[in-house]
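To start, the structure itself, in structure tokens.
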Amino acid sequence: MCVYHKISHTPFHILAKPDDISSKVLVVGDPLRAERLANALLKDHKLVNRNRYFLTYTGYYNGRNVTIGTHGIGAPSAAIVFEELRMLGAEIIVRLGTAGSLSDEIDVGTIFIPYGAAYEYGGTLGMYFGSTCMPAVPDFQLTLEIKESIMSRGLSIAEGIVASSDSFHGEEKYAEKWREIGLKAVEMECATLFTLSRYKGFKSAAALLIIDNVFTGKILDSTLKEKYEKLVASAILDVISKY
């Protein structure tokens, strides 16, 4: 009997029952953002996990069952949550996150739609795939539908390839290189989400609110940040709730 095989299919951090998790999940990094969005957008919602403060809520959006969950900061934390949500029945996982602009043309307050994510060799994904450089790409149809839903709310859109960093405080030495090779923004979890979705067999996509510019230091006002988060979350839920 392979003990590791049994353990690897058991959630240890999202302590919910399969019936507690919808097949359609919106994930965010900040647990307080998950709480805000659940309170603002879901009806009859309940907290189905608070272990490790991965706050996870399930309720109804436009009459359809959906989950809003927390994946924490960075690839290792996010990988745990994405894997365990999949174990519990998730078939769609969409990340609503924040990112820093690497481009003079992409201003704060823009919603960035990543068509793929670049990442430095090794790190968390190296633990999964070794020397194979897995393409980190979302589900294209889901991404297009989310983009159109966000645009229908009158929000400014940019699109392209994002850099997924494994070290928040180590990004400065990479930023110029990333910009030179055409990456438009930087965040920490999309590469992990996109590759695991292909590997584990679920649909994924992301929408990223640009909250600062890495080179100019310009920062989005916190009031606007929460306003845009709610609008983008509702746009994403409009799409995934219909699947």
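Which of the residues that make up segment 169-190 are assigned to a helix (DSSP H, G or I) and over 16 Å from the mean Cα position of the chain (by Cα)?
Within segment 169-190, 169, 170, 172, 173, 174, 175, 176, 177, 178, 179, 180 meet the criteria.
Do you know which residues across segment 147-173 are modelled with pLDDT under 95 and of a type outside the set (Gly, Ala, Ser)?
Listed by number, the residues that qualify are 166, 168, 169, 171, 172, 173.
Kindly indicate the residue of segment 82-100 that is assigned to a helix (DSSP H, G or I) and more than 11 Å from the chain's Cα centre (by Cα) and also surrounded by the most Cβ atoms within 10 Å (Cβ to Cβ) among those meeting that condition.
In this case the residue turns out to be 85.
Condition test on residue 53, is it closer than 30 Å to residue 167 by Cβ and surrounded by fewer than 20 Cβ atoms within 10 Å (Cβ to Cβ)?
So residue 53 fits the description; yes.
Give the residue that is farthest from residue 188 (Cα to Cα), with candidates limited to residues of segment 37-61 that are in a helix (DSSP H, G or I), in contact with a strand residue (DSSP E or B) (Cβ under 9 Å, 6 or more places away or on another chain) and in contact (Cβ under 8 Å) with a residue 40 or more places away in the chain.
Among them, the one singled out is 41.
When the residues of segment 126-146 are narrowed to those that are among the aliphatic types (A, V, I, L, M) and modelled with pLDDT under 95, which ends up surrounded by the fewest Cβ atoms within 10 Å (Cβ to Cβ)?
127
Since residue 78 meets every condition but one in (1) touching a residue at least 12 places away in the same chain (Cβ under 8 Å); (2) more than 19 Å from residue 24 (Cβ to Cβ); (3) in contact with a His (Cβ under 8 Å, 6 or more places away or on another chain), which condition does it not meet?
Condition (2) is where residue 78 drops out.
Filter segment 199-229 for residues that are crowded, with 21+ Cβ neighbours inside 10 Å and part of a helix (DSSP H, G or I) and give the result.
Selection gives 228, 229.
For residue 121, state whether it is assigned to a loop (DSSP other than H, G, I, E, B) and of a type in the set (Ser, Thr, Tyr).
Yes; evaluated as a whole, the condition is true for this residue.
I'd like the full set of residues that are surrounded by 14 or more Cβ atoms within 10 Å (Cβ to Cβ) and more than 18 Å from residue 106 (Cβ to Cβ), limited to segment 172-198.
189, 191, 192, 193, 194, 195, 196, 197, 198
The values are calculated or read from the model by the stated rules, or taken from the named source; none is laboratory data. Everything numeric in this text was worked out from a predicted model, so none of it was measured. Every residue, glycine as well, gets a Cβ built from its backbone with ideal geometry; the counts of neighbours run over all protein chains shown.
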